[in-house]
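The values are calculated or read from the model by the stated rules, or taken from the named source; none is laboratory data. This one's a predicted model, so the numbers in the text were calculated from it and none came from an experiment. We place every Cβ from the backbone using ideal geometry, glycine too, and count neighbours over all the protein chains shown.
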Amino acid sequence: MNPIQNKIAALRSQLTRWILVRGLGQWLLIAIAVLLLDMGLDRFFKMDFAQRTVMLALTAIGLGGLFFWKVIRPIWLRPSDDALVYEVEKKNPQLKGILLSAMQLDRSKANKAELAGVSEQLVDVTIQKGFEDAAKVNFAGVLDLGQQRLNWSLCGVGLVLAAVVGIGSVSHPFLNTWFKRNVLLTNDQWPQETYLKLVGVRDGKLRIPRGSDHRQLVEVLENSSVKDVSVSLEMDTPTGHSTMPMKQTGKADGSEHVFMLHNVSTGFRLRAIGGDDTTEWVEVELVEPPAISNLEIAAKLPDYTGVGRQVLSGPGPFAILKNSHLEVQVVANKVVVEAFVVNGDTKVVLPADGELENQFAGRVPAEGPLPGGEYDVRLIDAEGVQNSRRSKFKVAITTDKPPIVRASLLGISGLVVPRATVPVSFQAKDEYGFAELGFDCAWINDLETNDPENQVKKFAFATKGQQGYLAEPTANISDVVALEMDSFDLPAGTTFRFTVTGRDEYPDADNTGNSQEFLLKVVTPAELRADLLRREIEQRQVFDQAYETQLTLATELQAIVVRAKPAEQSETDFLAGREKSLIAATRAQKSIGTSAVRVADRFEEFLVEVKNNKLDEAENAIAPDQRIETRFDQRIIQPIRALDENLISLAARHMDHCRSLVNDPEGLKAAADQADQTHQEILSQMKSILAAMNASEGFQGVINDVISLRLDTDQLIEQGKDAEVPDAGDIDEDKIFD
């Protein structure tokens with residue numbers, strides 16, 4: 001084998017290592033220097049993401065180019081064999097070109113054409129001589145061994161520094177922070193006293209609804225050793241660069257700052273500056289916010305109300321019954337990922353309504369009773385942007401109020417007999433209907449002590465689902481019901497109290513409404529007849545007083561007409577006084593009619609009271625031709641009403657006509673005469689009515705005595721039946737006639 005070629009191959013290998021070590025060492029040192037420069041720039045100037053990205057790109061390109069230039073290119077541009085032999089002969093002048101000649105002749109020996117005319121023996125001798133000299137020469141001597149040692153030293157130092165940087169990037173906080181920030185391009189921060197955070201940033205961007213007001217918050221993080229710092233917001237907008245001071249939100253530790261951005265309509269970028277920290281620039285991206293295109297809110301009331309679903313409209317506040325819940329349906333103007341309702345710290349997510357991505361519906365709250373307060377419907381789209389125009393409404397929780405019950409007695413005074421029927425007119429009102437209507441009764445006997453349990457009785461005259469108008473929920477009820485006293489079996493002398501009660505179906509309380517309390521005294525029929533006769537006499541006296549007033553009025557009217565004008569009085573004053581007297585007389589006439597009608601009303605009440613207490617049964621048995629309906633209705637009540645409608649009202653019109661003729665003496669006299677005729681008819685009929693009243697009183701007194709006598713006789717007969725008859729042997733004959 002050609003020894004020259006062997007030595008050239010060995011030299012080439014050594015040369016490659018020399019170049020590689022030298023280039024790699026230089027590159028490593030330069031790379032370490034560049035990295036140190038990058039560390040210093042980022043540590044002291046805190047480059048933002050864009051700057052760090054540019055630095056990383058420039059460093060990668062620069063070091064890559066340098067590596068190519070220092071390492072790859074020298075190896076790639078390898079010298080030829082002739083050049084290497086030349087360098088060896090240059091280093092060894094004694095060779096006098098023999099190596100180069102031998103190598104060239106050996107290479108050309110295969111091509112005889114190239115050696116034409118050359119002695120073959122001379123060629124062989126030259127080649128052999130070159131081979132022998134090559135064996136004696138150290139080819140590696142052409143390399144600079146001192147520089148080679150320096151290259152190895154520089155490469156070793158570079159490798160050590162590279163290892164330190166590599167290991168430190170994982171284990172040392174400083175180098176690890178640099179590696180993450182400048183190689184991995186994360187947002188890790190250098191060790192410092194204050195750490196700031198722009199709230200709301202996602203994926204390096206801050207998304208703000210277009211045209212809205214935005215409340216930007218900056219937090220001083222918990223790992224900050226200095227939290228009480230001034231914070232500013234630096235903004236880079238299309239119109240310029242500005243730095244705005246932020247205000248503290250009032251948080252106790254002063255770690256939260258705020259700045260309000262109004263009507264954000266263009267994109268820009270911002271960052272926070274405070275203490276020894278400056279955040280990364282954040283791009284503000286304007287997005288179209290989601291909006292509620294249709295909102296339907298309904299209250300689902302408890303089942304017992306029978307109302308079911310109640311649609312609510314407007315902002316409220318809505319008064320909603322306790323134990324209800326809301327049914328909320330939202331339709332958004334775009335696809336949203338979440339819809340929810342907020343009440344204080346409570347958030348209720350609305351599930352999607354069917355397959356539509358912009359429609360949601362659900363129950364609020366998800367379970368349990370509905371709390372009061374302010375509710376807010378919110379939407380969040382895929383970008384995390386909430387609806388800027390909120391839909392707020394207020395809810396006030398109300399309880400089911402007890403029913404309102406009013407009642408009055410019909411044809412019953414304060415006295416009743418044990419077997420009376422007590423008609424009660426009532427009006428009951430409740431928001432959601434009744435479960436029960438009834439009487440709440442209590443009594444006490446003045447003559448004896450009763451067991452308290454027997455003094456109270458509650459019973460219903462209408463129950464939901466069982467009787468009459470409570471078969472369905474009914475909110476308003478007006479009716480007349482009868483309370484039968486004989487069901488209580490009360491003796492005379494008992495004080496009886498009762499109310500009409502109404503109870504609804506509210507499950508959380510005993511919602512019962514009561515009417516006014518009615519107080520009745522249970523008396524014997526004789527006592528009630530005596531009281532009715534007393535009241536009948538009182539009304540006759542009232543009517544008699546009305547008769548006297550009518551008689552006086554007729555006389556006064558004639559006196560007013562014939563009264564002459566005093567000489568000392570003017571005509572105007574005289575006529576004014578006459579008119580005033582006629583006005584007073586007209587009022588008195590109307591008052592007589594009112595008084596008479598009241599007497600008729602009282603007699604109608606007496607008649608109904610007699611019927612309700614069943615007092616007419618005994619009277620009809622004694623005198624069937626003198627029934628109380630005939631005595632009261634036909635002879636007193638109807639005549640009084642006819643008198644008021646036909647004559648008393650006519651007399652009032654006549655007297656008012658007289659007043660209009662006060663300036664016409666002749667016309668006044670004629671009108672007064674006409675009024676007087678009416679007055680005489682009124683007086684005549686009032687006399688007839690008074691006579692009927694007197695006759696009724698006398699007849700009633702006789703009837704009362706007869707009924708009392710019959711009762712006494714019946715009692716004596718009953719006592720006789722119960723008495724013991726002595727045997728004949730027990731009679732003492734000596735004492736029979738003592």
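Table: residues versus (1) surrounded by fewer than 16 Cβ atoms within 10 Å (Cβ to Cβ); (2) touching a Ser or Thr at 6+ places or on another chain (Cβ under 6 Å); (3) at pLDDT below 90.
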position: Pro209; (1), (2), (3): no, yes, yes
position: Thr239; (1), (2), (3): yes, no, yes
position: His257; (1), (2), (3): no, no, no
position: Gly275; (1), (2), (3): no, yes, yes
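Scanning segment 2-51 for residues that are on the phi < 0 side of the Ramachandran plot and assigned to a loop (DSSP other than H, G, I, E, B), we see that the one that is modelled with the lowest pLDDT is Asn2. Applying the criterion of at least 2 residues that are charged (D, E, K, R) and modelled with pLDDT of 90 or more to the helices (runs of 4 or more DSSP H) found wholly in segment 571-651 leaves 571-612. Scanning segment 491-505 for residues that are under 38 Å from the mean Cα position of the chain (by Cα) and farther than 12 Å from Glu436 by Cα turns up nothing.
When you go through Asp664, Asp633, Asp656 one by one, which is the residue that is among the acidic types (Asp, Glu) and closer than 28 Å to Met485 by Cβ? If you could, list the steps in order and put the result at the bottom.
Values: Asp664 fails: closer than 28 Å to Met485 by Cβ; Asp656 fails: closer than 28 Å to Met485 by Cβ.
The conditions single out Asp633.
Does any residue of segment 223-242 turn out to be closer than 18 Å to Ser388 by Cα, β-branched (Val, Ile, Thr) and not assigned by TED's automatic domain parsing to the domain that holds Glu383? Checked against the condition, which is being closer than 18 Å to Ser388 by Cα, β-branched (Val, Ile, Thr) and not assigned by TED's automatic domain parsing to the domain that holds Glu383, segment 223-242 yields no hits at all. The condition (being at pLDDT 65 or above and touching a Gly at 6+ places or on another chain (Cβ under 8 Å)) is satisfied by just one residue among Leu690, Leu661, Leu668: Leu661. Which one is modelled with the highest pLDDT, of the residues in segment 211-237 that are assigned to a loop (DSSP other than H, G, I, E, B) and hydroxyl-bearing (Ser, Thr, Tyr)? The residue in question is Ser230.
Every residue, every condition in (1) part of a strand (DSSP E or B); (2) farther than 24 Å from Ser212 by Cβ; (3) over 31 Å from the mean Cα position of the chain (by Cα), yes or no:
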{"residue": "Ala252", "(1), (2), (3)": "no, yes, no"}
{"residue": "Met260", "(1), (2), (3)": "yes, no, no"}
{"residue": "Val284", "(1), (2), (3)": "yes, no, yes"}
{"residue": "Glu296", "(1), (2), (3)": "yes, yes, no"}
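Going by what's in this entry, would Glu472 be described as assigned to a loop (DSSP other than H, G, I, E, B), modelled with pLDDT under 90, within 30 Å of Ile292 (Cα to Cα) and among the charged types (D, E, K, R)? When the stated conditions are applied, Glu472 does not pass them. Only one entry of Ile689, Ile636, Ile640, Ile592 meets the criterion of being in contact (Cβ under 8 Å) with a residue 12 or more places away in the chain and closer than 18 Å to Leu557 by Cβ, and that entry is Ile592.
Every residue, every condition in (1) of a type in the set (Gly, Ala, Ser); (2) touching a His at 6+ places or on another chain (Cβ under 6 Å); (3) assigned by TED's automatic domain parsing to the domain that holds Glu431; (4) surrounded by fewer than 16 Cβ atoms within 10 Å (Cβ to Cβ), yes or no:
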residue: Thr305; (1), (2), (3), (4): no, no, no, no
residue: Val311; (1), (2), (3), (4): no, no, no, yes
residue: Lys322; (1), (2), (3), (4): no, no, no, no
residue: Leu326; (1), (2), (3), (4): no, no, no, no
residue: Val337; (1), (2), (3), (4): no, no, no, yes
residue: Gly344; (1), (2), (3), (4): yes, no, no, yes
residue: Val348; (1), (2), (3), (4): no, no, no, no
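Could you tell me whether Asp381 is charged (D, E, K, R), closer than 30 Å to Arg210 by Cβ and in contact (Cβ under 8 Å) with a residue 40 or more places away in the chain?
Working: charged (D, E, K, R): yes; closer than 30 Å to Arg210 by Cβ: yes; in contact (Cβ under 8 Å) with a residue 40 or more places away in the chain: yes.
Yes.
Do we find that Gly316 is in contact with a Ser or Thr (Cβ under 7 Å, 6 or more places away or on another chain) and buried (at least 16 other Cβ atoms within 10 Å of the Cβ) in this structure? When the stated conditions are applied, Gly316 does not pass them.
Considering Thr555, Thr512, the condition of being over 26 Å from Leu615 (Cβ atoms), of a type outside the set (D, E, K, R) and modelled with pLDDT of 90 or more is satisfied by Thr512 alone. Of all residues in segment 346-378, those that are within 20 Å of Gly316 (Cβ to Cβ) and not β-branched (Val, Ile, Thr) total 15.
Leu519 falls short on exactly one of the conditions (1) outside any helix (DSSP H, G or I); (2) out of contact with any strand residue (DSSP E or B) (no Cβ under 6 Å at 6 or more places or on another chain), and that condition is (2). If you check Arg419, Arg406 for being in a strand (DSSP E or B), farther than 30 Å from Pro317 by Cα and either of a type in the set (D, E, K, R) or modelled with pLDDT of 90 or more (or both), only one passes: Arg406.
Output the number of residues of segment 18-45 satisfying the condition of being within 60 Å of the chain's Cα centre (by Cα) and free of Cβ contacts under 8 Å to residues at least 40 places away in the same chain. Break it down stepwise before answering.
Just the residues of segment 18-45 that are within 60 Å of the chain's Cα centre (by Cα), to begin with: 38-45.
Pick out the ones that are also free of Cβ contacts under 8 Å to residues at least 40 places away in the same chain and you get 40-41, 44-45.
Residues flagged as within 60 Å of the chain's Cα centre (by Cα) and free of Cβ contacts under 8 Å to residues at least 40 places away in the same chain within segment 18-45 amount to 4.
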